[in-house]
Structures are given as structure tokens and as C-alpha cells.
1. Count charges around residue 14 for me, please; just the other residues with Cβ under 12 Å from its Cβ, Lys/Arg as +1, Asp/Glu as -1.
2. From the phi of every residue in the range 82-94, what ³J(HN,Hα) in whole Hz does the Karplus formula 6.51 cos²θ - 1.76 cosθ + 1.60 yield, where θ is phi - 60° and glycine or proline is x?
3. At what distance in nm do the modelled label points of residue 58 and residue 91 sit from each other, each positioned 7 Å from its Cα along Cα→Cβ?
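Read-outs: derived from the displayed coordinates by stated rules, not from any lab. In this text, all values refer to a predicted model and were calculated from it rather than measured experimentally. Cβ sites come from the backbone with ideal geometry, for glycine too, and all protein chains shown count toward neighbours.
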Amino acid sequence: MLNAVPDSGALGVTQQLQAAFGPDPRYCDAINPFDPEAAIDRQAAILKTNLNAFGNQNDALNTDNAGTGKLTRTINQLSSDYLAHLSAEGQTYAANINKILAEQRKIPRYFGSPR
């Protein structure tokens, strides 16, 4: 259900919180989170921004899950031990996504491959 909204308030197919869909010059104008194409494009832009800011895929994914502010504060306070201080979901989020991507990269012309 593309229009489902869980108790967390996450919206649309990418399950982003409402703040991610407001006007932001880093990405583009406000979008409809229930438009799958627009939501996926916005999510890709957010992940790219996080990857550029943090410099590695794991931190970019953990930022997507925990939030940029929370992850930045946690890394600054705890350095390399930050992962142990994320929620249980946060501790496994990046590992689960990386596992899925590794499996899908085995399929020619799929995720991780040139389009």
C-alpha cells in the first residue's frame, strides 16, 4: 500500500519522514511522497548527500535510518564505537541493506550495475 502511514509517520514507498519531502535546495522542490518515482529519486538524492558527507556506505545508510543529526552527534561523542549505541534496528540496518545489495549485484544489469 503506497499510501499507508505507520505510527512513526514515515510516508510512501521509501518510508521517509515528512521533513524529507519539504522544499530543500539540496534536492529539489517539495514532492509528493506517495509518488513512487519522485520518492525514490528523493531518497537517492538523500543517500548520495549522506554518502558524500560521511564518506562511506555504512555511515550513509545508518544516517538514513537514525537521522543525520543523531548519527553525527553519536559519531562525534563515541567515534568508532558509535554503532553499539544505536537502536537494535540501527545496529543491523546497514548490514541488512549491504547484504541485499551484495546478492543483487550478482544479477547482471541490476542494482550496482550500469543502467
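1. Values: positive: 42; negative: 35, 37, 41, 64.
Neighbourhood net charge equals -3.
2. 5, 4, 5, 9, 7, 4, 4, 5, x, 5, 10, 4, 4
3. 1.4 nm
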